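Report on the structure given below.
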Amino acid sequence: MSATTADARTIVRVPRVSLSHAWRYWLRNATIFKHTYRLSLLAWFFEPLFYLIAMGLGLGRYLPQVQGIKYIDFIAPGLVALTAMYGATFETTWNAFFKMERAGIYGAAVSTPLALEDVALGEALWATTRAMIYGGAFIIVAAPFGVINSWWSVLAPFALALIGLLFAFVGLSFTYLVKKVDFLSYYWTLFLTPMFMFSGIFFPLGKLPGWVQTLAWFMPLRHAVELMRALLVNGEPGDAMRAALWLAVVTVAVFPVPLRLLRRRLQS
Amino acid sequence: MDGSPGAVVARALTKRYGRFEAVRGIDFTAVERSCFGFLGPNGAGKTTTMKMISCTSPPSSGTLSVLGLPVLEQARTIKGRMGVVPQENNLDEEVSVLENLLIYARYFGIRKDVARPRAEEQLAFVQLEDKRDRQITQLSGGMKRRLLIARALMNEPEILILDEPTTGLDPQARHLVWEKLRTLKRAGVTLLLTTHYMEEAAQLCDRLVIMDEGRILVEGSPRELVAAHTTRQVVEMFEPPEEVHSALASIEGSVKRVERLADRWLFYTDDGDETLGKVRTLPIDPGSVWLRGGTLEDVFLSLTGRSLIE
């Protein structure tokens, strides 16, 4: 009755994650954000905006149309995707690491009915929310430049959510794996920066060597850029569908990884 | 006591990390509505045991039930009925005292209209009501500890787990925490705590275990342990001069046990007056000799040794 025998199998078994408990952790993050957003919103939001102004207006003067549209219209959707990626990534790397290792926030949460998996999922959902806030704000700021040309733009929130969720799961996986905060820099320089270059934000990938194009196909940001461009500017539901499918499949595949990694890391 | 199911029951409870056994098959029963203490030097396995009880570290073998429920299968249920006061402050630094309590209440699924008055109630209980809108960084160490206790009470737990509840606090703050814990026990909360302070254990615990190297050495009430494992009284001498050492050594035969430390001699005896009388005949500064009762600290040191554990 009251006794239970622990054996190796019961320990490795991963308990089911609970969405309602993950939501409670999401609410914790949202409450903190209400107090800190004035400080944290700025940094990651302005960088893509500077790209839009400098490249779009500056470089755009010297470029003819790219793929039949103005250069600033070409780069704007990619920068929306980039903003969403930054939003989700910042939350799931530096912030998550700090909460887990320094502030004891994870420890406090799992002293309550929350399980480690709930915390990981709540963290990912919150990062998704931030991706949506950042990406949405960017769309609103960029709109006066005339970059939104399609009614398919109404689906942008769903696209941002999908992009945010994928980068949240990937970012958390890396964060829950590394032992020291310094290693998080490698995630940026070895993973995010190449994607930033080769995901078709600033130029179409069609003229690059075939092997680069193949490599780029495996980069999540490339499909995120394609999705945003198809919805916001080109109005091509077929392209959007294909990109969304790629992102959705990879998101589902990556989903269990951070949950398992967090348990492996923190369950002593 | 018999017949009570026990708030926490462990049988042959073991925790291994790879090949290292942190807890080596311990048995204990913490009775409901009592205070049960874990004492021991660093590395004794106290904190590991507490982690297993609070369902954050699964046992490697043996059985462990909390509130009659098995820890592995019923972790969520158990955690919902338990409060945990950690050793390290893990409050949300970005928000106020009150909001810390409300965030934590939400983890338990407590509705806001219930959480709000309960938070005020708990703040009053730990005497922090006038700090409700303060930032965490503005609180002293003692206030943070009291807030951690208030937070752990937000779900009105049946069991409260405390890992070194007063380490690092000044005497005023420590006595306030003790008073609050005794109030909780009277209200029917089962307390489980670890401590390094023998006085704390003697003040609070109905029963306690002394652990060392993953095993339980002894179990009992503080009074029982003092009676069983040390003498009724102790005569201490501070730096006795060289020339009386041989005379002191001759007294050794009439006492239970002698300990010679770098700066002190200790005579463990059941007749302190007789021993003291013998010592007083020697040419020793009377101010450097004193008689005291046997304490839990004597029990602890005789069982776990005086060597420093790091």
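The values are calculated or read from the model by the stated rules, or taken from the named source; none is laboratory data. Note that this is a predicted model, so its numbers are computed, not measured. Every residue, glycine among them, receives a Cβ derived from its backbone with ideal geometry; neighbour counts consider all protein chains shown.
Given (1) crowded, with 24+ Cβ neighbours inside 10 Å; (2) within 18 Å of A:PHE90 (Cβ to Cβ), identify the lone condition not met by A:GLU226. Only one criterion is unmet by A:GLU226, namely (2).
Taking segment B:117-153 as the range and being outside any helix (DSSP H, G or I), surrounded by fewer than 18 Cβ atoms within 10 Å (Cβ to Cβ) and touching a residue at least 40 places away in the same chain (Cβ under 8 Å) as the test, the residues that pass are B:GLN127, B:GLN135. Within segment A:180-212, the residues that satisfy the criterion of being outside any helix (DSSP H, G or I) and of a type in the set (A, V, I, L, M, F, W, C) are A:ILE201, A:PHE202, A:PHE203, A:LEU208.
Failed condition for B:THR49, given (1) more than 10 Å from chain A (Cβ to nearest Cβ); (2) in contact with a Leu (Cβ under 7 Å, 6 or more places away or on another chain), with all others met? Condition not satisfied by B:THR49: (2).
Let's see how each residue does on (1) assigned to a loop (DSSP other than H, G, I, E, B); (2) over 30 Å from B:ALA22 (Cβ atoms):
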{"residue": "B:VAL218", "(1), (2)": "no, no"}
{"residue": "B:LEU248", "(1), (2)": "no, yes"}
{"residue": "B:ALA262", "(1), (2)": "yes, yes"}
{"residue": "B:TYR268", "(1), (2)": "no, yes"}
{"residue": "B:THR275", "(1), (2)": "no, yes"}
{"residue": "B:TRP290", "(1), (2)": "no, yes"}
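Among the residues of segment B:76-92, those identified as free of Cβ contacts under 8 Å to residues at least 60 places away in the same chain and more than 7 Å from chain A (Cβ to nearest Cβ) are B:THR77, B:ILE78, B:ASN89. Kindly indicate whether any position in segment B:187-196 is modelled with pLDDT under 85 and farther than 25 Å from B:ASP273 by Cα. Yes: segment B:187-196 contains one or more residues that are modelled with pLDDT under 85 and farther than 25 Å from B:ASP273 by Cα.
Across segment A:241-268, the qualifying residues are those that are within 15 Å of the chain's Cα centre (by Cα) and in contact (Cβ under 8 Å) with a residue 40 or more places away in the chain, and the one among them that is nearest to the other protein chains (Cβ to nearest Cβ) is A:PRO258. Of all residues in segment A:213-247, those satisfying the criterion of being modelled with pLDDT under 90 and in a helix (DSSP H, G or I) are A:VAL233, A:ASN234. Note on segment B:123-142: residues that are closer than 16 Å to B:LEU169 by Cα and charged (D, E, K, R) total 0. If the condition is being assigned to a helix (DSSP H, G or I) and not hydrophobic (A, V, I, L, M, F, W, C), then segment A:166-179 contributes A:GLY171, A:SER173, A:THR175, A:TYR176.
Taking the stated definitions as given, is B:VAL177 in contact with a Pro (Cβ under 9 Å, 6 or more places away or on another chain), outside any loop (DSSP other than H, G, I, E, B) and surrounded by 17 or more Cβ atoms within 10 Å (Cβ to Cβ)?
yes
Check whether at least one residue in segment A:73-94 is over 30 Å from A:ALA230 (Cβ atoms), within 13 Å of chain B (Cβ to nearest Cβ) and surrounded by fewer than 24 Cβ atoms within 10 Å (Cβ to Cβ), and report yes or no. Within segment A:73-94 (the criterion being over 30 Å from A:ALA230 (Cβ atoms), within 13 Å of chain B (Cβ to nearest Cβ) and surrounded by fewer than 24 Cβ atoms within 10 Å (Cβ to Cβ)), the answer is no, since none of the residues qualifies. Looking at the structure I just gave you, is B:VAL114 within 7 Å of chain A (Cβ to nearest Cβ) and not in a loop (DSSP other than H, G, I, E, B)? Spelling it out, it is not the case that B:VAL114 is within 7 Å of chain A (Cβ to nearest Cβ) and not in a loop (DSSP other than H, G, I, E, B). If the condition is being assigned to a loop (DSSP other than H, G, I, E, B) and farther than 20 Å from A:LEU232 by Cα, then segment A:57-75 contributes A:LEU63, A:PRO64.
Every listed requirement among (1) surrounded by fewer than 19 Cβ atoms within 10 Å (Cβ to Cβ); (2) free of Cβ contacts under 8 Å to residues at least 60 places away in the same chain; (3) not aromatic (Phe, Trp, Tyr) is met by B:LEU72 save one, (1).
Within the option set B:GLY40, B:GLY62, being surrounded by 19 or more Cβ atoms within 10 Å (Cβ to Cβ), farther than 17 Å from B:ALA7 by Cβ, in contact with a strand residue (DSSP E or B) (Cβ under 7 Å, 6 or more places away or on another chain) and more than 13 Å from every other protein chain (Cβ to nearest Cβ) holds for one residue only, B:GLY40. Being within 25 Å of A:LEU184 (Cα to Cα), touching a His at 6+ places or on another chain (Cβ under 9 Å), at pLDDT 90 or above and assigned to a helix (DSSP H, G or I) is a property that does not hold for A:GLY78. Filter segment A:27-72 for residues that are among the aromatic types (Phe, Trp, Tyr) and within 14 Å of another protein chain (Cβ to nearest Cβ); which is surrounded by the fewest Cβ atoms within 10 Å (Cβ to Cβ)? Here the answer is A:TYR37.
Examine segment B:224-237 for a residue that is of a type in the set (D, E, K, R), surrounded by 13 or more Cβ atoms within 10 Å (Cβ to Cβ) and free of Cβ contacts under 8 Å to residues at least 12 places away in the same chain, and state whether such a residue exists. Yes: segment B:224-237 contains one or more residues that are of a type in the set (D, E, K, R), surrounded by 13 or more Cβ atoms within 10 Å (Cβ to Cβ) and free of Cβ contacts under 8 Å to residues at least 12 places away in the same chain.
B:SER96 satisfies every condition listed in (1) at the interface with chain A (Cβ under 7 Å from one of its Cβ atoms); (2) on the phi < 0 side of the Ramachandran plot; (3) not hydrophobic (A, V, I, L, M, F, W, C) except (1). Could you tell me whether segment B:154-172 includes any residue that is in contact (Cβ under 8 Å) with a residue 60 or more places away in the chain, in contact with a Gly (Cβ under 6 Å, 6 or more places away or on another chain), within 9 Å of chain A (Cβ to nearest Cβ) and closer than 18 Å to A:VAL110 by Cα? Taking every residue of segment B:154-172 in turn, none turns out to be in contact (Cβ under 8 Å) with a residue 60 or more places away in the chain, in contact with a Gly (Cβ under 6 Å, 6 or more places away or on another chain), within 9 Å of chain A (Cβ to nearest Cβ) and closer than 18 Å to A:VAL110 by Cα. Of the strands (runs of 3 or more DSSP E) entirely within segment B:17-75, those holding at least 3 residues that are among the β-branched types (Val, Ile, Thr) occupy B:20-30. Within segment A:195-213, the presence of a residue that is among the β-branched types (Val, Ile, Thr) and touching a Pro at 6+ places or on another chain (Cβ under 8 Å) is excluded.
Listed by first and then second residue, the pairs linking a residue in segment B:13-24 that is within 13 Å of B:MET52 (Cα to Cα) to a residue that is acidic (Asp, Glu) and in a strand (DSSP E or B), with Cβ atoms under 7 Å apart and 6 or more places separating them unless they lie on different chains, are B:THR14/B:GLU21.
Would it be correct to say that A:ILE163 is crowded, with 18+ Cβ neighbours inside 10 Å, assigned to a helix (DSSP H, G or I) and at pLDDT 95 or above?
Spelling it out, A:ILE163 is indeed crowded, with 18+ Cβ neighbours inside 10 Å, assigned to a helix (DSSP H, G or I) and at pLDDT 95 or above.
In this entry, A:THR189 is excluded by the filter for residues that are at pLDDT 95 or above and over 22 Å from A:GLY56 (Cβ atoms).
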